[in-house]
Amino acid sequence: MEKETKKTALHGWHVAQGANMADFGGYEMPLWYSSAKNEHLGVLQQAGLFDTSHMAALLVSGPDARDLLQHCFTNNLDACVGQPKKPLIPGRCVYGAYLNAQGELIDDSIINQLSENSYMAVINAGMGAVVAGHFRAQAGDREVTISDLTDKLGKIDVQGPMAAKILSKVLAAPESAFEKMFYFSFKGYFDPTSPLADAVRLSDGTPILLSRTGYTGEFGFEIFVSPDKVVKTWEMIYQAGQQFGLTACGLAARDSLRGGAVLPLSHQDIGHWPFINHPWPFALPFNDDQSGFTKSFIGDQALLTIKSPEYTYAFVGGDLRKVSTADPAVVLDPAGTEIGSVLTCVSDMGIDYHRGRLFSIGSPEKPQDFKPRGLCCGFIKVKAPLQPGAEVVLKDKRRKLKVTIVTDIRPDRTARRPIREML
Amino acid sequence: MSKAIGDLVLPDDVRYTLDHEWARQENGNIKVGITDYAQDQLGDIVFVELPEVGRIFSAGEEFGTLESVKAVSELYIPIGGEIVAINEALAETPEQVNSDPFGNGWMIVVKPGDIAEFESLKDKGAYLEILKGSE
């Protein structure tokens, strides 16, 4: 059942740069160029450029589009923007997941509201047909059209504190593009025939969808662009970014950055088990006392009536050594009893302890001459609840590592910083 | 892989293993490290775990681990014997395994139990054939 590996429009660029390539989600993607460590540190200190064209996207439109998404999506589109939770409106986006009736994950997603009756759902590589099929099966007699945009767009992420300065050099009208560009908002569209396309253009006239989102925990943008413009857009940004220290980054740095940012990898940290009791409660429409949900959606009842719950937690280790989840790796309590499994274990090379306090290389108050060695971090899933600060042992065939349960990992992340501070 | 086989450094003065370690005779002892191919495949080496001096291994046994950003891999000893030195500098600068795999990136020195084991290791030509076969 060998399937042909797909290539993004930037495949030739990656190979020409000497990238170490590997299969991810059915696509041959760069793992790193010359150094995954430097790519990781580059995003924390300057900025990184990622080819994420392997991601899939669906266009959901029609008078009943919102109703279908409310039925399928875990977050409440009528109460999800900011605090207090306001309804999703055009130009804003929200994170959540699609579950089956058992409350188990189909995929996670960011939904962008394009207009009153039109939404773009960004999902994971290879998941376009699966999620589109799920939507169609759930649509019933709703008046809604679902189309797969996956092969109609390319995607480039610019992540890191210099991202806005870099994009200022390639946008036709950066001031208007960046105005009120809040975290989890977006502007523009990649299809030149759309009325939204005029909102954000590159200096050569190419329309883009510019979104203040990302998968690194750091300040930055995701850019959606027509496939025939991907290479040129990438090269424009790459050139413009050189004076700001922009680094092309592969999936290894993306994985270690998102680990330190406490972001889940779909089908690894969240998957075929109930989507609850995890570090991402903001993806669920909890009511104020957490006793139930503010709307109904597929899987909601299953989540509220679990007989033997499992709990997912973030952890951080004492140094950068990892366990290998391929072995697989298990979790032991201090008495040595097996209590669960390790979902993700990566090294965030930008963090370390200094006199008992955790710093990032991007921390404004980091000590002078701070040179992080990196710390292992990730997620575990266990059978009984643990408190922050609890110590557990991760064990693979090679070693045992003592790690601490935490609510956050890399400090001083920049993702939510106001854009005016970053220009 | 990022480096083409023609771009790999493959010194004549060492022997090679199927696991991509190298072994070099020095004053009757055997110095051991990993090859340019291995470091290129692993990517950034960020941590090297080495055995204590004085420990005794049989040929092919695991003697330590290499931690790259992406993965953890075992190190296998090319020749049996006693560890008489380890490269302490790798604790501070593990990246030397990437930058100078056959020089400053060395890992251990073994006092061989049976030097005939060294003679049975692959020479450069045989190792090159193995790399071509795995392409």
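The values are calculated or read from the model by the stated rules, or taken from the named source; none is laboratory data. Just so we're clear, the structure is a prediction, and the values are computed from it rather than from any experiment. Don't worry about glycine lacking a Cβ; one is built from the backbone with ideal geometry, like all the others, and counts go over all protein chains shown. Note: areas computed on protein heavy atoms with side chains; ligands, DNA, RNA excluded. Shrake-Rupley method; radii C 1.70, N 1.55, O 1.52, S 1.80 Å.
Of the residues A:29, A:227, A:367, the one whose Cα sits farthest toward the positive end of the charge dipole of chain A, with +1 on the Cβ of Lys and Arg and -1 on the Cβ of Asp and Glu, is A:367. Taken residue by residue and averaged, Cβ atoms of other chains lying within 10 Å of the Cβ of B:64-74 number 6.
Under a 5 Å amide H cut-off, with hydrogens placed 1.01 Å from N, residue A:344 pairs with A:379 among residues at least 5 apart or on other chains. Averaging Cα coordinates gives a centre for segment A:1-39 and one for segment B:108-135; these two points are 31 Å apart.
For segment A:333-404, the orientation-averaged shadow of the C-alpha convex hull comes to 5.9 nm² (one quarter of the hull surface). Normalised per residue, the accessible area of chain A is 42 Å², obtained with a 1.4 Å probe and no contribution from ligands, DNA or RNA.
In this Cβ point-charge picture (+1 for Lys and Arg, -1 for Asp and Glu), segment A:110-249 has a dipole of about 240 debye about its Cα centre. For residue B:69, the residues 5 or more places off, or on other chains, whose built amide H falls under 5 Å of its own are B:44, B:46.
From its DSSP helices (H runs of at least four residues, each -39,500 (n - 2.57)), chain B gives a residue-normalised ellipticity at 222 nm of -4500 deg cm²/dmol.
Determine the alpha carbon to alpha carbon distance for each of A:6/B:70; A:155/A:187; A:322/A:402; A:37/B:70; A:307/A:383 and list only those over 19 Å.
In this structure, A:6/B:70 exceed 19 Å between Cα atoms.
Each residue of segment A:370-377 was assigned a 3J(HN,Hα) from its phi angle through the Karplus curve 6.51 cos²θ - 1.76 cosθ + 1.60 (θ = phi - 60°); the sequence is 5, 10, x, 8, x, 9, 6, 7 Hz, with glycine and proline shown as x. Computed from backbone phi with θ = phi - 60° and the Karplus coefficients 6.51, -1.76 and 1.60, the 3J(HN,Hα) list for segment B:36-41 is 4, 4, 4, 5, 5, 5 Hz; x is used for glycine and proline. Shown for the protein assembly as shown: the carbon plus sulfur share of the solvent-accessible area, taken with all protein chains present and a 1.4 angstrom probe, equals 49%. Taking the Cα centre of the protein assembly as shown as reference, the dipole from Cβ charges on Lys and Arg (+1) and Asp and Glu (-1) amounts to some 1520 debye.
Total Å² of accessible surface buried at the A-B contact, 1.4 Å probe, nearest 100?
Buried area (both sides, nearest 100 Å²): 1700 Å².
Note that segment A:339-351 has calculated 3J(HN,Hα) couplings of 10, x, 10, 8, 8, 9, 9, 10, 9, 7, 6, x, 10 Hz, one per residue in order, obtained from phi through the Karplus relation 6.51 cos²θ - 1.76 cosθ + 1.60 (θ = phi - 60°); glycine and proline are x.
Pairs with C-alpha atoms separated by more than 24 Å, drawn from the list A:7/A:180; A:165/A:229; A:7/B:3, are A:7/A:180. Of the residues A:378, B:101, A:330, the one whose Cα sits farthest toward the positive end of the charge dipole of the protein assembly as shown, with +1 on the Cβ of Lys and Arg and -1 on the Cβ of Asp and Glu, is A:378. With a cut-off of 12 Å between beta carbons, the residues surrounding residue A:343 carry a summed charge of -1, where Lys and Arg count +1 and Asp and Glu -1.
Sparse packing (at most 15 other Cβ atoms within 10 Å of the Cβ) combined with a DSSP loop state is found for the following trypsin sites (Lys or Arg not before Pro) in segment A:307-351: A:307.
Fully extending the segment from residue A:23 to residue A:422, taken as 0.36 nm per residue of separation minus the present Cα-Cα distance, adds 140.2 nm. Based on the alpha-carbon gyration tensor of segment A:56-150 and its eigenvalue square roots a ≥ b ≥ c, which shape applies: rounded if a/c is under 1.5, prolate if not and a/b is larger than b/c, or oblate? Here segment A:56-150 falls in the rounded category. Burial of accessible area (probe 1.4 Å, heavy atoms of protein chains only) in segment A:386-423, relative to its chain alone, reaches at least 20 Å² for A:398, A:399.
Amide H contacts of residue A:27: A:6, each under 5 Å away and 5 or more positions distant or on a separate chain (H built 1.01 Å from N in the peptide plane; Pro and chain starts excluded). Expressed as a whole number of Å, what is the distance separating the alpha-carbon centroids of segment A:312-384 and segment B:29-48? The distance from the Cα centre of segment B:29-48 to that of segment A:312-384 comes to 24 Å. For chain A, adding -39500 (n - 2.57) for each run of n ≥ 4 DSSP H residues and dividing by the number of residues yields -5000 deg cm²/dmol at 222 nm. Take the Cα of residue A:332, go 7 Å toward its beta carbon, and the backbone nitrogen atoms of segment A:382-409 under 14 Å from that spot belong to A:392-403.
Looking at segment B:73-134, the GluC sites (Glu not before Pro) that sit in a DSSP loop and have at most 14 other Cβ atoms within 10 Å of their own Cβ are B:92.
Both the radius of gyration and Dmax for the protein assembly as shown are 25.3, 83 Å, in that order, over alpha-carbon atoms.
Shape analysis of segment A:132-172 places it in the prolate category; the axes a ≥ b ≥ c from the Cα gyration tensor give an a/c of at least 1.5, with a/b above b/c.
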